[in-house]
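The values are calculated or read from the model by the stated rules, or taken from the named source; none is laboratory data. Everything numeric here is computed off the predicted structure, so don't read it as measured data. Note that we place each Cβ from the backbone using ideal geometry, even for glycine, and neighbour counts take in every protein chain shown. These area figures cover heavy atoms from the full protein model, side chains too; ligands, DNA and RNA do not enter into them. Shrake-Rupley method; radii C 1.70, N 1.55, O 1.52, S 1.80 Å.
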Amino acid sequence: MASVEITGLRKLYGDVVALSDITLTIPSGAFYTLLGPSGCGKTTLLRTIAGFHAQTSGQIAVDGAPIETLPAHKRDVAMVFQDYAVFPHLSVHDNVAFGLKQRKVDKSAIKTGVAEVLDVVQLSHLADRMPHELSGGQQQRVGLARAIVVRPKVLLMDEPLSNLDAKLRVDLRAELRRIQRDLGITTVYVTHDQEEALAMSDIVCVMHGGIIQQAAAPLDIYLRPANRFVATFVGANNFLDVDRTSGGAVLRSGGADVAARISAEGPVTCAIRPEDIHAHPPGTAIDPGRIVLAATMREISFLGREMEIFAVTEAGEEIKAVARPDPAIVALPPKSPVTFTVDPDALSFFARGGNGDRLP
Amino acid sequence: MSLFHRLRHTDFWTRVTGLIVAVLALLLLFPILRVLMLGFVDADTGAFTFGNFVEVFTRNYYLNGFKNSLFVGVLGTLGACLIGIPLAFFTARFHVQGQAWISTLAILVLVAPPFIGAYAWIMMLGSNGFMTNFFGLFGIETPTIYGAHGIILVFTLKFFPFIYLMTQTSLNGMNKSFEDAAENLGCTPWQRFTKITLPLVFPAVSTGAIICFVLAIADFGTPAILGRGFRTLSTIAFSAYRSELGGRPTMAVTVSIVMMAISMLALLAQRRILSKRRYASALTNPPVKQRMTGWRNTVMHVFCHGIVLIAMLPTLVVVYTSFLKTNGPVFIGGYGLESYERILRTAPEAISNSFVFSLGAVVLITVFSGLISYVIVRRETAAAGAIDFLMMVPYLVPGVVMAIGFVTTFRGGPLDVVGTAGLLILLYFIRRLPYGVRSATSSLRQIKPSMEEAAVNLGAAPAKAFLVVTVPLILPGLIVGALMSFITAINELSGTLILYDGGTITMPVQIYLAVLDGEFGLAGALSTVLLVCTGACVYAVFRFAENRDSAFL
Ligand SMILES: Nc1ncnc2c1ncn2[C@@H]1O[C@H](COP(=O)(O)OP(=O)(O)OP(=O)(O)O)[C@@H](O)[C@H]1O
Ligand SMILES: [Mg+2]
């Protein structure tokens, strides 16, 4: 159990800025996820915390004690690797005992410690196997057991599930979360899978281009994305332009007046989640409180649990809506007119230039 | 910060890199630079001069050596290609009975003591050779083995395995679709072979050929034993060294520099040609072997087995003569173990020295190749790149040069160690280190870096992580490297000849001296001992190496 504080962390590879001024706080016992597209610097950040390479500048503190100049083997942060990195020449038991041996724990304590942890990850029956006799999922459990057996201050995981098949990934996801909660280990978890991030984390930290975009609880990230990037990367979003008239502001598509919602100056765009857009078959009554968007149907994909509707508004903006399958809509031929409605409260607004920050 | 402070705070691998750089500078760069400098020094006055090179390129004695070296080097390489390429093609594309046998024999030829070929041919075709005498009974005069053609014959039969093994590997890795496509586009089999297959294996063939050429130019034992007045640069360098003994070996060095320049130029030329021909392809469609029938099949089998048997002939002759009954240097008919008794009586220290020196060198090589491979593969520093590059140097520098470098560097002063066991061990160490490093490096490249990271992450200091995780994982590579360097160390002749003294004689030197004295029984017995050691190591390499053929290249 330990809190982690990172201040002004920078990492350059030659001219490439991999991390730019990272500042974040991880509360003790939290499951903290770094989420972002490929190349955004997640792995770099994790490996800098682990001490596998030196930062260009900045501080990392665990429980208030600076660790950024300690060599990797003295940091007491344990890592679970994407490729498992289970030592192929050691048995499951010896793999798990490795860290304890380095800490000069006495033999009997190693024995009980290893047995306990193998029980936690449900591998007790495989203690004497060699790694090549294990499945991928079992190897990753060994990787996890090996890391948590030393009771590290911080647990680091770099896409630990990405080499496993989809079903196993979901199972292990829940198990990882349970174990982490039981042990209360502060955990930094890296993934580019937003579903995984939202499902597991206490805090999701969205990164892009080596910069933290937003760090918040999963629900906050989804409902109140801090900027356009987060709004697009986590869940899908439609972006519709807002036209400024003298003193007012209207949606370019549909012309609804949104001036009351916008306090800032400058160009603005409006975001609407696909699931907040309702499609109405021709001739249905429409609630007058809702914003209406008239559009032309492009295409409908029926996916089973839901359907995706792609359409173009009269102003030429593309719209995607997701809804429960409705036979009346699925039957519509392409190019037929379709009416969409949105609850005014479901709109959020972002600056169109710069970082695309969310407007209050 | 004081130096001590800084040292304490640099991490383990930085210190190791420093140590490696220091060792290579002291044992490799410094001696070589000392040697090179000697080439530009006047023997009498010690003043700077280009006179030595002028002498080499104007006096007939040297010019002839230069031409002779090129002559036997080029023709020996050509000969090796002429038998190596067809052999590779047959075994890679057709069903040949006893393939494993053929490649095993080729490898044995490759690792056999370097000068066995030369003196065994003397025993067969020399002025008193048994073939000469046998054919003489029928009044048939056999061509003499002495001179250029003898040397070329020996080079051809000694170096063809490089061509054969490299070409074969390349042929086996060639996507069959290329040949299929050529056939589909209307090529006859012969056109297909010359227009598609040959160009595609050209990189492998030329790499093999360059190895042959460099080794042939640097080879000392063969021209020394077979030359008889036909002098090459390597024998000229050696006799120059002998006659300059005590003074500055300027001519020996100048000649050696010319030798190295030839090798270097050949290597650079080959690199240049190759850089324009890079053929990458995935082995999606592996080649299939065809069956040859009728008289062609017979000819092919006779050719393949005939080649390796003829190449093995010297070895067999040597082993055979070691069991002949002798009285002193004279064979007196019948069989006996006198030769072995004699080596135990007259040269036991040659045997023990060879083992002690080679094993000593191998221990050093194994330790250093583990460390060096880690630095080369895992660290992206300029020093790592430089070390990687330096590992090519010992291949290119002839033993004579290295040894003269050691003499000039370590002779005199309070630390006169020339002739000592320690210096010979260091010579073997530096000359054979690349074999160990190559093998360890290729092993380590297959280990994911996350292995060591996991160990460090779990609390093992870098040195400990290396010892308990990396070393066990690259152990097969280290063992193969140790065996390869042992084989090549225990057969070292040219450098030892310059550095040894009475107490530090080794088996190859003893064999060389015995051959010069016409003591073929003694030479045979010692060579057999060497062969048995080498053979045992080859067997061990087969056990440990993933790809048994390419481990020897
Ligand atoms: N050793 C290196 N040398 C140079 N640039 C590097 C190096 N390692 C990473 N980078 C660069 O740093 C940036 C961040 O890389 P990083 O591996 O942290 O991304 P990531 O977020 O983990 O991506 P992924 O999801 O693909 O794993 C990338 O632009 C990458 O190209
Ligand atoms: Mg990554």
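Observations
- Selection status of residue B:125, closer than 30 Å to residue B:175 by Cα and open to solvent by 30 Å² or more (accessible area, probe 1.4 Å): no
- In the stretch B:221-233, the residues that are open to solvent by 10 Å² or more (accessible area, probe 1.4 Å) and over 17 Å from residue B:517 (Cβ atoms): B:229, B:230, B:231
- Residues satisfying the criterion are present in the stretch B:450-460 (criterion: outside any helix (DSSP H, G or I), open to solvent by less than 10 Å² (accessible area, probe 1.4 Å) and within 14 Å of chain A (Cβ to nearest Cβ)).
Condition check ((1) within 13 Å of ligand 2 (Cβ to nearest atom); (2) away from chain B (no Cβ under 14 Å); (3) of a type in the set (Phe, Trp, Tyr)) across all residues:
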{"site": "A:7", "(1), (2), (3)": "no, yes, no"}
{"site": "A:14", "(1), (2), (3)": "no, no, no"}
{"site": "A:21", "(1), (2), (3)": "no, yes, no"}
{"site": "A:32", "(1), (2), (3)": "no, yes, yes"}
{"site": "A:45", "(1), (2), (3)": "yes, yes, no"}
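- Search result, residues across the stretch B:431-449 that are open to solvent by 20 Å² or more (accessible area, probe 1.4 Å), more than 14 Å from every other protein chain (Cβ to nearest Cβ) and within 30 Å of residue A:50 (Cβ to Cβ): B:442, B:445
- Looking only at residues in the stretch A:199-210 that are within 16 Å of ligand 2 (Cβ to nearest atom) and open to solvent by 40 Å² or more (accessible area, probe 1.4 Å), the one that is nearest to the other protein chains (Cβ to nearest Cβ) is A:209.
- Residue check for residue B:208: farther than 25 Å from residue B:144 by Cβ and of a type outside the set (D, E, K, R): yes
- Taking the stretch A:1-84 and the strands (runs of 3 or more DSSP E) fully enclosed by it, the elements with 3 or more residues that are touching a Gly at 6+ places or on another chain (Cβ under 6 Å) are at A:4-13, A:16-26.
- In the set (1) closer than 22 Å to residue B:451 by Cα; (2) touching an Asp or Glu at 6+ places or on another chain (Cβ under 7 Å), residue A:60 fails one condition alone, (1).
- Counted residues, the stretch B:325-345 - those being closer than 20 Å to residue B:508 by Cα and in contact with a strand residue (DSSP E or B) (Cβ under 7 Å, 6 or more places away or on another chain): 2
- Of the residues making up the stretch A:140-167, those that are free of Cβ contacts under 8 Å to residues at least 40 places away in the same chain and open to solvent by less than 50 Å² (accessible area, probe 1.4 Å) are A:141, A:161, A:164.
- Taken over the stretch A:51-79, the criterion of being within 14 Å of chain B (Cβ to nearest Cβ), in contact with a strand residue (DSSP E or B) (Cβ under 6 Å, 6 or more places away or on another chain), in contact (Cβ under 8 Å) with a residue 60 or more places away in the chain and more than 13 Å from ligand 2 (Cβ to nearest atom) is satisfied by A:77, A:78.
- In the stretch A:264-307, the residues that are under 30 Å from the mean Cα position of the chain (by Cα) and open to solvent by 40 Å² or more (accessible area, probe 1.4 Å): A:267, A:275, A:276, A:278, A:299, A:300, A:302, A:303, A:305, A:306
- For the stretch B:293-334, the tally of residues that are of a type in the set (D, E, K, R) and either under 22 Å from residue B:83 (Cα atoms) or assigned to a helix (DSSP H, G or I) (or both) stands at 1.
- Residues of the stretch B:170-195 that are crowded, with 19+ Cβ neighbours inside 10 Å and in a helix (DSSP H, G or I): B:170, B:171, B:179, B:192.
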